[in-house]
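The values are calculated or read from the model by the stated rules, or taken from the named source; none is laboratory data. Quantities reported herein were computed from a predicted structural model and do not represent experimental measurements. Cβ coordinates were reconstructed from backbone atoms using ideal geometry, including for glycine residues, and neighbour counts include every protein chain displayed.
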Amino acid sequence: MGMRGFSLSCALGLALVAGLPQNLRADPGFAITYPKDQKFGSPLVTDDFKIIAPKRRVVAPIVSPIEMTRAPASVEEIPEEIPAEVPQQKFILRPLPAPRPPTPVKTAARDPASGVFDPIDTIQTAQRFSAFDLSPHFFFTRIDGTDRINGGTSVLLSNINMGASFAWSQTWSDSTRSFIGIDLSKLGFKTTNTTAVEGASQYYTQILAGVQHAPFNWLDLELSGGASEEVFIRASSTNIINVDKIMVPEIHTSLTFNVITLYPFLIGTQLSGSMLFSSSTETHKVSDGYGYRAKIFLVESTETEAVRWSGSLFYGQTFQNTSINKQQRKDVGLEIGLRWGGPHE
């Protein structure tokens, strides 16, 4: 096909496009299908062509020859959007504070009113707590008297005596405590074929209150005061001895030493002295006197048990005269101690 034929084809194409309905011209997706016996680009001289919608094969949209000769529009390059830089979060590492050392919780290392305390004294934080003690004891008593007028002597021997003491103690610090206690004992003296004893069996009481202080873990000091019913004898005849009990004020002091520690036991000794003050009744005028006692003890030194026990052997003497007799008393016996109580949180 020559240049003339190509021009004619372009003119016919423009005419056809101009004659198309407005909606088809506005739609860039339609296409023209030629008859089978015509070649692409030949003049459309027949009426059997059809304009088809893009339901079948879609051909490239029709572009006018004029537009084909134009230079392609320049494509505006849209710069790639670069996201804004997100500021990085900075982490500052600081050292953790040093942990506080745990506060040691320890228990008081000493025993209550008995004057016995434990050898392991590692208390750093003082704790207040109460304790109760029950101490049954068994002992023998001998009383020697000398008559002030005629110089006659008399001796009284007891059967086995029994008694018990009950004490309550309050611990105020790792080395100081206070206590109050009461003791009740029954004394029974023997009679012989030649001598009768009036008032041979009687009950005797003692009340004491005091304070204990431990300057060292091996030493305990005690100071207490109170009153006790003491035994005094007199001869009403050559074959009758009367036994009287008189309330006497007294002050006690003691030193307790821890000697040997065999865990969970502690062996120690206690030395105590007493000052007996004067008193008077209708039959007796009692002078000042004194006394002492030595004790060796074994005590359980563990503090985890709710009940603790101890045992001791003791020997003591008292010297106190009356207006009738010069008198000396001796006691030897065994004491068993039970303790309830312990530190409070």
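The table below lists the values:
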| quantity | calculated |
| --- | --- |
| Condition check for PHE265: at pLDDT 95 or above and touching a strand residue (DSSP E or B) at 6+ places or on another chain (Cβ under 9 Å) | no |
| Qualifying positions in the stretch 140-183 - crowded, with 20+ Cβ neighbours inside 10 Å and out of contact with any strand residue (DSSP E or B) (no Cβ under 6 Å at 6 or more places or on another chain) | ASP174 |
| Strands (runs of 3 or more DSSP E) contained entirely in the stretch 144-222, each with at least 2 residues that are closer than 23 Å to SER272 by Cα | 161-171, 176-188, 201-216 |
| Test: residue in the stretch 319-341 that is in contact with a strand residue (DSSP E or B) (Cβ under 8 Å, 6 or more places away or on another chain), assigned to a strand (DSSP E or B) and among the acidic types (Asp, Glu) | yes |
| Identity of the residue in the stretch 130-139, under 36 Å from the mean Cα position of the chain (by Cα) and surrounded by fewer than 17 Cβ atoms within 10 Å (Cβ to Cβ), that ends up modelled with the lowest pLDDT | SER130 |
| Some residue of the stretch 235-242 being in a loop (DSSP other than H, G, I, E, B), without any contact (Cβ under 8 Å) to a residue 12 or more places away in the chain and surrounded by fewer than 19 Cβ atoms within 10 Å (Cβ to Cβ) | yes |
| Per-region count, the stretch 248-281, residues under 18 Å from ASN321 (Cβ atoms) and crowded, with 16+ Cβ neighbours inside 10 Å | 5 |
